[in-house]
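Only one structure is covered here, and it is reproduced in the block below.
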Amino acid sequence: MVRFGKQDLRTNKNQKPIKEKHKAQKQRNDVVLHSCKGKGRKRRRASTTPELEREKTDKMRFSVDLQKAEADPGRSPTPKRDEVEWVPLQNHPVFFPATGPVRDPTAARPLRNLLAWDGASRLYFWDSDKLCLHRISIRLGEPDPTSVLAASPSKVLQADVNPDFAVQKISINRNGSALLLSGSGGLCVMYLYYGRTSNKDNATICRTVTVGSQIYLSGSNIIRILQVSWHPNSDTHLGILSSDSVFRIFDLSSDLIQPEQEYYLQPVQPGRSRNATSICPVDFSFGSDHLWDLFSVFILFNDGSVYILCPIIPFGSAYKWESIVEIYNDAQTFGLKSSNSVAVSNSNLAISWLEATFPAIADQETEGSDLYVLRAHPYALFDASLSLQGPLRKVCRDEDEEGSAFRGAECEGGAVSFLYNLVVKDSIMVTAWSGGQLQIDALADEIQPVWNVGSPPRLRVDSNDHIRGLAMICEPTPGKVSPVKLNQPLDSTLWLGHPPPLLRLAIVDLALPRKTKGGSLIMMFIDPLMPERIFTLHDGGIDSIVLHYLPFTNQISGKTETMRTPSVHPVLSTCQGEISSQAPLSGFVSLSDSFGCSWIVGVTGSRECIMLEMKTWNLLLPLQVDMEGKSLHLEEPKEKDMPDMISKELLVGPKVVLVPQTSPNVRSVSADSIEGRSMLHDYFKLFHENYVEYAHKVHFELKHHEPLLKKIINDQHARLGDAQQKLLQVEEKQSKLENRIDSAIQLHNVLEERLKRLRKLPGPHKKPLSRAEREFKSELDLFSGVELDALHSSVNALTARLRRHAESPKGNTSNQQRLISRRKDPVEESQVSQLKSSLEKLSLVNSVNSKKVKLVESALRSRESSRS
């Protein structure tokens, strides 16, 4: 191709006529396409690399295809707009049922997801039989809100090199320019916007590259790919977790063979030996835009334990200025000002890493400028490696639960998949188990970055000492696994390097059909419209789990709701009895538009498409209990929110597609050459697939806004008529309301008068008792308790003795007088006199006591009357 450019430049310099120039070009093309002779060409071919030779061959084939397409103007690789037919998505020809033999439902088969959505208007489906990709243009909510239309026929995309492994999952990057084809035996990426047209079946041959071909299943290596995912803040970075317990990040724009970053995971479980086979990774998930979660990677192991790597950031990825400033200020506020030296040291490392990765963050004056996005610079601490924070523990209630705080296997089987979900202020973690259970937890504290100082990483630099790659060993920090209790303040653990604790929200049992071997595989997806809803894809079908209780979100919003268990709704079932049916799902995707409508699309193993509309407006409403009717009902909104007039797709605008990079020699070709015409054809395809389709979409949506506007106006008129009716009813009832208000005011005045009279009564104006009265009252209280009964009995006894003494016989008195007269003892006379005086005193005491008893009884009666 370099030779072509030079010849075209020489032709332009000689200024030949147009016909001669075309003739010379045709001769050169014939020589290049049908002759390979010449020493100079042999020398050039020997000096080129296989990749460059392959690229030259592809461009030569594309030039031939372009000439044939120009020779036959009636044949076009892209169907014209008049040829496109819009049909319901479930009736699209791509999803016709397969006519081949049906597989045994009890046979072992991996769980696959061969559907992907770019978030706008294109749906992708991988045909595992024909090894091609179908791109289907869709229109959401047309012609009615419950349906989805799809363009027929679909655009067929084929890889220039078919993958030599079974594709189990496809996913698309943020801008929709590259699609990932992954399986346990390999990984490749298709570039959707750059390709050539095949004359065989009018399919577009897309450039396809293999990622990590020298690492995964190459030669004697038996390293399997466990999970792969696009990074949420980059269009060219992939995260791959493999069976050798290594997490790698590849940059597709720089190197497809050697990873940009490598993290060797060495977890050490408490109480168990350091054995690589005792615990192995299963799944991972990137964090979301919430403080340090933005730079975190959550890794799940087979025993259910979850570890965190923070910070991990792809080189050159873009982040919002507000997010980086929030993290930077948090580290300075809560870390540097702490009284703990460990917290100060950890925050210093974090601040230095932020300032080196984002140099603009150190200058706070740029906040007022037009800087909205920051690019991450390659950087790593030279004397420290990332700590493998974990295993994450749930919050303990008492000392008895400290031993169980580390255990993750509270469900049946082993952990099979993991999902991280950010809902407003809550970081939700969902772990799926092979027994069919979902373990739902929330982070009870914020994530902070932790390094192991003294364990330097291994860096790869270029000739200018710029970092091109890094590798490090990540293991837990010793002494950072102390359990967290509920009564322990979380402020005491800030920036101390402790892993964040978990708050258990629920354990959901999906009640899947029992299997004899291996258990069930579960995939989890987040609803793009309502993050509180999680879809699960498994052998039994599709289930929907809605989270009603979010601890930190409810606390910030001021809600005082009690903890509610999640609601589980079976959406689609493929089970018949205890085994799965003959058509298990091989694809799932959740769709949503800007009007608040949501759909799910599933594809069975027999190529049948199922589309369902999902209701979202009443799922999160609290339950209201009717105490009289003893029934539960949802609190329905009185008015529905009005939909937006302009969809989100139109507001965002057409997708910006970067022009493929070319060499300087190719850039200088003339427009009349084959290379120039092929480049113009590529640019025209990019323009047609993005801007022309966007313009047609704008025209179509504006054209179809008329019935929507008419419906909205009719609704407004109906509401206006209802409001006028209610105003008339209010005017009719106004006189009655005024009479009732007057009677209420009169009743209020009467009650005020009665209250004034009651306030003048002596009862409410009692004076407090004096000191002497309080002492006397205390004495009365003593008598009223125990001594009153004893006093009554003593008085009765003395009265009886006095009565017996007064009524004694006269004979006894005469005998006593004789005896007294005979003896005339002075001692006895003195005793008799004393007895008489004591009797007199006793009678006085008796009279006094009887008076006191009467006083006590009167006081008791008055107290009882006052109480009543």
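The values are calculated or read from the model by the stated rules, or taken from the named source; none is laboratory data. Note that the structure is a prediction, hence the values are computed from the model and not measured. Neighbour counts run over all protein chains shown; Cβ positions are idealised from the backbone, glycine included. Calculation scope for accessible area: heavy atoms of the full protein, side chains included, ligands and nucleic acids excluded. Shrake-Rupley method; radii C 1.70, N 1.55, O 1.52, S 1.80 Å.
State the extension gain, in nm to one decimal, for the chain segment bounded by L381 and E807, taking 0.36 nm per residue of separation less the distance between their alpha-carbons.
Full-extension gain reported as 141.5 nm.
Hey, any idea what % of the range 224-272's accessible area is carbon plus sulfur with a 1.4 Å probe?
Carbon and sulfur atoms account for 43 percent of the accessible area of the range 224-272.
By average Cβ neighbour count within 10 Å, what is the ranking of 794-806, 414-426, 383-395 from highest down?
Final packing ranking: 383-395, 414-426, 794-806.
Report the local net charge at M614: Lys and Arg +1, Asp and Glu -1, summed over other residues whose C-beta lies under 15 Å from its C-beta. Mind dumping the intermediate values first?
Numbers: positive: R533, K615; negative: D527, E532, D543, D593, E613.
Charge balance near M614 sits at -3.
Assuming 1.567 mPa s and 4 °C, estimate D for the range 283-322 with Stokes-Einstein, Rh taken as the Kirkwood radius over Cα pairs, in µm²/s. Don't jump to the answer; show the numbers that get you there.
Numbers: Rh = 11.1 Å.
Result for D is 117 µm²/s.
Under a Cβ-Cβ cut-off of 14 Å, what is the net charge of the residues other than G602 that fall near it, where Lys and Arg count +1 and Asp and Glu count -1?
Local net charge: -2.
If r is the Cβ-Cβ distance from V795 to Q834 and R0 is 25 Å, what FRET efficiency results, to the nearest 0.05? Could you put the intermediate results ahead of the total?
On the way: r = 22 Å, r/R0 = 0.88.
The value I calculate is 0.70.
If you roll a 1.4 Å probe over the heavy atoms of the protein chains, what accessible area per residue do you get for the range 693-746, in Å²? Could you put the intermediate results ahead of the total?
Details: 4690 Å² over 54 residues.
Accessible surface, normalised per residue, equals 87 Å².
Please list, in order along the range 453-470, the HN-Hα scalar couplings obtained from phi with the Karplus expression 6.51 cos²θ - 1.76 cosθ + 1.60 (θ = phi - 60°), rounded to whole Hz, x for Gly and Pro.
So the Karplus estimates, Gly and Pro as x, are 6, x, 10, x, x, 9, 10, 10, 10, 9, 5, 9, 6, 8, 6, 10, x, 8 Hz.
Taking a 30 Å limit on the Cα-Cα distance, which of the listed pairs K169/K615; K425/K710; K337/K394; K155/K703; K777/K841 fall beyond it?
Values: K169/K615 27 Å; K425/K710 40 Å; K337/K394 28 Å; K155/K703 25 Å; K777/K841 27 Å.
Where the Cα-Cα span goes over 30 Å, the pairs concerned are K425/K710.
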